[in-house]
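*Asks:* Here's a structure for you.
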Amino acid sequence: MSSDTSNLSGISTLKAESIATALTPGQLIWRRFRKHRMALAGGIGIALLLLFIIIGSIIIPLKKANAVDLKAHLSPPSAEHWFGTDSTGRDSFSRIIYGGQISLIVGILAVVLAVSLGTVIGGVAAYYGSWVDALLMRFTEAMLSIPSLFLLIVLGKFLGKDVQTINIFGLSFSGSVGIVIVVIGLTSWMYLGRIVRANVLSLKEMDYISAAKSLGASNSRIFFSHLVPNTLGIIIVSATLGLAGAILSEAYVSFLGLGVQPPTASWGNMLTSAQSFIQRGAWWMWVFPSLFIIFTILSINLMGDGMRDAFDPHSSRHM
Amino acid sequence: MWTYLARRLVQALITLLIITILCFILTRLSADPMAQYATSQHMSAADREALRHRLGLDQPLPVQYLRWLGLAVQGELGNSFFSKQPVSLMITQRLPLTLVLMVTAEITTLATALLLGIISAVKQYSFLDNLITTFSFIGYSMPIFFIALGLILIFAVKFKQMGWPYMPTGADIWDPKDLGQLARHMVLPVSALVIITTANYSRFIRSSVLEVLGMDYVRTARAKGLTERAVLYKHALRNAALPFVTIVGLDIPYLLGGALVTESVFAWPGMGRLFWEYAQRGDFPVVLGVLLIVSTAVVLFTIITDMAYTLVDPRIRLG
């Protein structure tokens, strides 16, 4: 692979070591990622956030996040309510923790759905070619041509006709959580689908694939030991950046009141009511959920950018 | 060139057909337009059935789709169920206000982003570059309603409390035909849009300019003794602008759709808000009309942008 040589020209510090010992692609990726200070900061940010949410939900029971206390409604931050309370007197600090759980779960599951769809559709289009490819690509293009927020709303209305409460592990969630996951997943696979298709198409023509074929490698061997590992980097990077997009989408649809429904908290729906009460100066309802959204998205984007550089064998920038 | 254009147009038609089918199914089935009459005392069940029949809502879905499509092709988008007005009239009423808002925001954004992006690239790794890059990264990770609500809190609510001249939030009643009032009401939504989009564009311009500055022909220009000014303006920026043409070209059609969240937060009577209000009511002719117009524009501008790109970049040959 050309990765070693391009690194040699770019990074003087790596030069000696690279010559002394041949590194596996995985080691090279980790090295490049570690050198990327911003990416590391993003990773630490995500770790801190996860710790905050996990420890928080162990200490504070879900009941506290959903407990209505009308006497304490709209109270500013205090020793008792660190982040203040909302219009029905629910404690914002506890809701940030449980809302964070929901926002992250929605983001992760939506990305899993989007990545599976994108990989399958892109892979099938590239593999079968001809009219299957043409039809799938026109469909992908159609989905991309509808502005994403419009699509999210239309699909949200379509799937959100009857919402039930789901009980899992003794916790009850609004069924809207499931719907939001499906809506975001179904509307965000298109870019990855195109990337996977292009990548598989170009890999199919590579010399080492022809070499493997002429050596008599089976289709499944070519698929699993050549095509998959060479596409995995792209998939992991766009899944990471897609996670930021999915969490942001959740915030947007919930902010508009179409997404996760109260009493279940999400960072997005905590801001829905902030919109009307900001006119009365309730700044805490706006600032805390927003800061958590921005911190999360920023950390994930930083990490994703670092991963993109790390997985790209031709990249020697930022180091 | 012409065969390429013809092929693109045929593909675009198929894409548009898929878009209409997709949107029709999603909007038509997401809510029962008759539901608003279900509790009406002035209407018996028999009346409702008669109305359903008169509107053609009792026919099989494919028949309804083809009838809608046949009329839509002739520019007839039907009437809103709620306001009873023709959809095309409602759209032409909202379009000017959306364009005023979006075009002002887009031009301001372009000017700001070009300035910041070029400074950032030319003074790479300087304090100013780090500052701009940090802010654009944060802006890129920010949901627009955070900025929008923040601007309302500071410039409308707090300024009013302090007794300073304050900005209107859009919640008041105002006349869009009065230019002074229009300008005053535009300040906050335009600022919100500019802050978010500038972050995105300036990142792009920075990396585009940096890439060009690293090219051999720029080194040649410097080596032959040209001033840094001439190198930058005559050589580098022209080529750095190429990919930017694509980005802007692809963004133009989205201006038609307005900014749904910004328009909702600031109660701006534009296309985005029209879509959102009528989507909530399940008024499918309006929703479908807006979707059709915006996505058709997106599909057409994709082709126009591609063609424009081949005109400005002679290296590209269409096959």
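The values are calculated or read from the model by the stated rules, or taken from the named source; none is laboratory data. Since the model is a prediction, treat every value here as computed from it, not as a measurement. Methodologically, a virtual Cβ is constructed for each residue, glycine included, from the backbone with ideal geometry; neighbour enumeration extends over all protein chains shown.
*Asks:* For region A:178-276, list the helices (runs of 4 or more DSSP H) that sit wholly inside it and hold at least 3 residues that are under 30 Å from A:LYS64 (Cα atoms); which are they?
*Replies:* In region A:178-276, A:228-255 are the helices (runs of 4 or more DSSP H) which contain 3 or more residues that are under 30 Å from A:LYS64 (Cα atoms).
*Asks:* For region B:13-38, name all the residues that are at pLDDT 85 or above, surrounded by 19 or more Cβ atoms within 10 Å (Cβ to Cβ) and not β-branched (Val, Ile, Thr).
*Replies:* Selection gives B:LEU16, B:LEU22, B:CYS23, B:PHE24, B:LEU26.
*Asks:* Under 12 Å from the mean Cα position of the chain (by Cα), surrounded by fewer than 19 Cβ atoms within 10 Å (Cβ to Cβ) and closer than 21 Å to B:ALA111 by Cβ: does that describe B:LEU250?
*Replies:* Yes: the conditions hold for B:LEU250.
*Asks:* While we're here: Given B:THR302, B:THR296, which one is part of a helix (DSSP H, G or I), modelled with pLDDT of 90 or more and either over 14 Å from B:THR98 (Cα atoms) or away from chain A (no Cβ under 13 Å) (or both)?
*Replies:* Testing whether each residue is part of a helix (DSSP H, G or I), modelled with pLDDT of 90 or more and either over 14 Å from B:THR98 (Cα atoms) or away from chain A (no Cβ under 13 Å) (or both) leaves just B:THR296.
*Asks:* Looking at region B:173-224 only, could you name the residues that are out of contact with any helix residue (DSSP H, G or I) (no Cβ under 9 Å at 6 or more places or on another chain) and more than 30 Å from B:SER126 (Cα to Cα)?
*Replies:* Within region B:173-224, B:ILE173, B:LYS177, B:ASP178, B:LEU179, B:GLY180, B:GLN181, B:ALA183, B:ARG184, B:HIS185 qualify.
*Asks:* A:TYR191 versus (1) touching a residue at least 40 places away in the same chain (Cβ under 8 Å); (2) at the interface with chain B (Cβ under 10 Å from one of its Cβ atoms): which is the lone unmet condition?
*Replies:* (2)
*Asks:* Residues B:SER208, B:SER191: which one is within 17 Å of B:ILE118 (Cα to Cα) and of a type in the set (Ser, Thr, Tyr)? Can you show your working first?
*Replies:* Values: B:SER191 fails: within 17 Å of B:ILE118 (Cα to Cα).
After ruling out the rest, the residue left standing is B:SER208.
*Asks:* Select, from A:LEU109, A:LEU136, the only residue that is more than 14 Å from chain B (Cβ to nearest Cβ) and part of a helix (DSSP H, G or I).
*Replies:* Just a single option satisfies the conditions, and that option is A:LEU109.
*Asks:* On to the next question. Counting residues that are at pLDDT below 75 and of a type in the set (Ser, Thr, Tyr), which helices (runs of 4 or more DSSP H) fully inside region A:1-64 reach at least 3?
*Replies:* Hits in region A:1-64: A:3-10, A:12-20.
*Asks:* List every residue pair whose Cβ atoms sit under 8 Å apart, with the two residues 6 or more apart in sequence or on different chains, where the first one lies in region A:288-306 and is without any contact (Cβ under 8 Å) to a residue 60 or more places away in the chain and the second, anywhere, is hydroxyl-bearing (Ser, Thr, Tyr).
*Replies:* If the second residue must be hydroxyl-bearing (Ser, Thr, Tyr), the pairs left are A:ILE294/B:SER141; A:ILE297/B:SER141.
*Asks:* Let me ask another. Which residues, counting only those in region A:72-86, are buried (at least 16 other Cβ atoms within 10 Å of the Cβ) and small (Gly, Ala, Ser)?
*Replies:* Within region A:72-86, A:ALA72, A:SER75, A:GLY84 meet the criteria.
*Asks:* Moving on to the next point. Of the numbered conditions (1) away from chain A (no Cβ under 14 Å); (2) closer than 24 Å to B:PRO314 by Cβ; (3) of a type in the set (Gly, Ala, Ser), B:GLY214 fails exactly one; give the number of that condition.
*Replies:* Answer for B:GLY214: the failing condition is (1).
*Asks:* Can you confirm whether A:VAL120 is in contact (Cβ under 8 Å) with a residue 40 or more places away in the chain and under 23 Å from the mean Cα position of the chain (by Cα)?
*Replies:* Spelling it out, it is not the case that A:VAL120 is in contact (Cβ under 8 Å) with a residue 40 or more places away in the chain and under 23 Å from the mean Cα position of the chain (by Cα).
*Asks:* Are any residues in region B:130-156 within 13 Å of chain A (Cβ to nearest Cβ), part of a helix (DSSP H, G or I) and either farther than 21 Å from B:VAL187 by Cβ or of a type in the set (Gly, Ala, Ser) (or both), and if so, which ones?
*Replies:* Matches in region B:130-156: B:ASN130, B:THR133, B:THR134, B:SER136, B:PHE137, B:ILE138, B:GLY139, B:TYR140, B:ALA148, B:GLY150, B:ALA156.
*Asks:* Can you tell me how many residues in region B:253-271 are over 9 Å from the mean Cα position of the chain (by Cα) and in a helix (DSSP H, G or I)?
*Replies:* Selection size over region B:253-271: 6.
*Asks:* I've got another one for you. Looking at region A:71-106 only, could you name the residues that are free of Cβ contacts under 8 Å to residues at least 24 places away in the same chain and in a strand (DSSP E or B)?
*Replies:* If the condition is that a residue be free of Cβ contacts under 8 Å to residues at least 24 places away in the same chain and in a strand (DSSP E or B), then A:THR85 is the only one that fits.
*Asks:* Going residue by residue through region A:226-238, is there one that turns out to be touching a helix residue (DSSP H, G or I) at 6+ places or on another chain (Cβ under 6 Å), buried (at least 21 other Cβ atoms within 10 Å of the Cβ) and within 13 Å of another protein chain (Cβ to nearest Cβ)?
*Replies:* No: zero hits.
*Asks:* Moving to a separate point now. Looking at this structure, is B:ARG219 assigned to a helix (DSSP H, G or I) and farther than 29 Å from B:GLY270 by Cα?
*Replies:* Yes, satisfied.
*Asks:* Go through (1) under 30 Å from A:GLU250 (Cβ atoms); (2) crowded, with 18+ Cβ neighbours inside 10 Å; (3) within 14 Å of another protein chain (Cβ to nearest Cβ) for B:ARG94 and report which single condition fails.
*Replies:* Here B:ARG94 meets the rest and fails (3).
*Asks:* Name the one entry in B:LEU182, B:LEU255 that is within 14 Å of chain A (Cβ to nearest Cβ), within 23 Å of B:PRO96 (Cβ to Cβ) and surrounded by fewer than 21 Cβ atoms within 10 Å (Cβ to Cβ).
*Replies:* The unique qualifying residue is B:LEU255.
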